[in-house]
Amino acid sequence: PPTTVPPEPAGPEAGPGVRVTAQPNPGYVGGRVVVTYTVRNGRNALATGLRLRIGLPAGIPDSGPPPGCDASWLCALPDLEPGASTVVRVVLSPDKALTGRITGNLTTTGTDADRSDNTARQRLRILQPRIVAVPEIGKPGFVTSVRGEDFPPGAPVRFSWNPGITAAAAPTVPKPDGTFIGQLLILAKDQTGPRVITARGPGFSPVKTDFLVVSGSVQPPDEMTRR
């Protein structure tokens with residue numbers, strides 16, 4: 001009888017996959033968000049013909065397509081040896097609050113033992129910090145409370161008046177939930193009239209709220225007596 005030759009066993013397959021992260025997340029208006037795509041190969045074979053399609057939330061200014069990527073955000077990646085990886089980064093500069101999605105889609109002309117990790121998604125939130133003065137009116141010598149929310153946790157925040165003289169004070173540090181309660185002193189001999197309180201710090205654009213400095217005294221329940 002004729003001899004049957006068994007088929008040769010298939011060679012090992014590559015295992016490229018993609019992962020995406022955004023730092024910080026949430027981001028903040030006026031700050032920066034670094035989006036990092038990490039493409040890693042498995043340990044069995046060379047990964048070839050790799051292409052990464054980058055997807056970013058609409059309406060956020062960015063640093064443009066990275067080296068090796070065209071205007072449509074399709075990136076040609078180098079071949080990856082078993083166990084090797086490559087990184088692609090994009091810097092976002094948010095200018096408004098929003099919620100969007102970052103995506104990455106990886107394709108290959110070579111082998112791929114597991115295609116389930118060829119797509120990555122990450123939800124991205126952009127927050128707009130804001131402050132309010134409680135109360136919004138006071139006389140010279142008064143200390144008003146400045147309350148903030150949606151600020152970068154741990155980033156020191158400093159207050160200033162315009163117009164008026166800002167008394168020296170230690171910065172206020174937002175809690176892990178992005179809120180804080182700070183204090184701002186109206187100097188005893190400072191001028192009266194409308195003012196703007198500005199909060200500044202790293203990782204966000206300055207934010208403002210209105211305040212009114214008046215002569216007189218505040219009497220309960222929050223009544224103003226002018227002299």
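The values are calculated or read from the model by the stated rules, or taken from the named source; none is laboratory data. None of the values given here were measured: they were computed from a predicted structure. Cβ atoms come from the backbone with ideal geometry, glycine included; neighbour counts cover every protein chain shown. Surface areas here come from the heavy atoms of the whole protein model, side chains and all, with no ligands, DNA or RNA. Shrake-Rupley method; radii C 1.70, N 1.55, O 1.52, S 1.80 Å.
Below, the figures for the structure above:
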quantity	calculated
Count of residues meeting criterion [closer than 18 Å to VAL214 by Cβ and part of a strand (DSSP E or B)] in region 125-145	7
Residue in region 100-118 that is on the phi > 0 side of the Ramachandran plot and not hydrophobic (A, V, I, L, M, F, W, C) present	no
Within region 67-119, considering residues that are closer than 17 Å to THR21 by Cβ and aliphatic (A, V, I, L, M), the one most open to solvent (accessible area, probe 1.4 Å)	VAL87
Single condition LEU187 does not satisfy, out of (1) surrounded by fewer than 18 Cβ atoms within 10 Å (Cβ to Cβ); (2) of a type outside the set (Ser, Thr, Tyr); (3) farther than 30 Å from ASN44 by Cα; (4) modelled with pLDDT of 95 or more	(4)
Enumeration of residues in region 44-55 that are touching a strand residue (DSSP E or B) at 6+ places or on another chain (Cβ under 6 Å) and either open to solvent by 80 Å² or more (accessible area, probe 1.4 Å) or more than 29 Å from PRO12 (Cα to Cα) (or both)	ARG51, ARG53, GLY55
Residue in region 145-178 that is least open to solvent (accessible area, probe 1.4 Å), counting only those that are in contact with an Asp or Glu (Cβ under 6 Å, 6 or more places away or on another chain) and at pLDDT below 95	GLY164
Positions within region 133-144 being out of contact with any Pro (no Cβ under 8 Å at 6 or more places or on another chain) and open to solvent by less than 50 Å² (accessible area, probe 1.4 Å), in sequence order	ALA133, GLY138, PRO140, GLY141
Any pair with Cβ under 7 angstrom, 6 or more apart, that starts in region 53-66 at a residue that is closer than 15 Å to VAL18 by Cβ and ends at one that is modelled with pLDDT of 95 or more and open to solvent by 50 Å² or more (accessible area, probe 1.4 Å)	ARG53/LEU74; ARG53/ASN105; LEU56/ASP62; PRO66/ARG89
Those residues of region 61-96 which are small (Gly, Ala, Ser) and closer than 30 Å to ARG43 by Cα, in sequence order	GLY68, ALA76, GLY83, ALA84, SER85
